[in-house]
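The values are calculated or read from the model by the stated rules, or taken from the named source; none is laboratory data. All values derive from a computational prediction rather than experimental measurement. Note that each Cβ is placed from the backbone with ideal geometry, even for glycine, and that neighbours are counted across all protein chains shown.
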Amino acid sequence: MNKNDLVTALSDKAGISKADATKAIDSLFDVPTGVIAATLKSGDDVRLVGFGNFVVTKRAASEGRNPRTGEKIHIPASKQPKFKAGKGLKDSVNP
């Protein structure tokens with residue numbers, strides 16, 4: 001399912017126009033101004049009971065190797081957005 005399919009499904013399910021469905025999806029998922037991205041950037045988690053959690057995890061700095069030359073390279077510390085599916089979503093996929 002791509003974004004257009006999602007817009008169509010949301011407009012049909014909620015009984016709203018495709019324009020309104022597009023605005024709703026964009027306001028939720030748009031990067032970097034969407035609700036989820038902005039909440040994660042501010043340091044908070046997004047918890048949707050039964051669906052799942054969006055969280056930010058910290059990744060420590062490490063050393064890697066350039067696969068072509070074998071040279072060691074430094075990989076800086078970073079923050080990674082992650083999604084963990086909730087029980088309801090898992091149960092709906094695995095009946």
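Name the single residue, out of those in region 1-57 being touching a Phe, Trp or Tyr at 6+ places or on another chain (Cβ under 9 Å) and part of a strand (DSSP E or B), that is nearest to Asp91 (Cα to Cα). Per the criteria, the residue is Gly52. Quick check: is even one residue across region 61-84 touching a helix residue (DSSP H, G or I) at 6+ places or on another chain (Cβ under 8 Å) and closer than 19 Å to Leu28 by Cα? Yes, because at least one residue in region 61-84 is touching a helix residue (DSSP H, G or I) at 6+ places or on another chain (Cβ under 8 Å) and closer than 19 Å to Leu28 by Cα.
Residue count for region 74-95, restricted to those that are modelled with pLDDT under 95 and farther than 30 Å from Val46 by Cα: 0. For the criterion of being surrounded by 12 or more Cβ atoms within 10 Å (Cβ to Cβ) and basic (Lys, Arg), Lys23 passes. Of these, Gly34, Gly70, Gly50, which one is on the phi > 0 side of the Ramachandran plot, under 18 Å from the mean Cα position of the chain (by Cα) and not basic (Lys, Arg)? Just one listed residue meets the conditions, Gly50.
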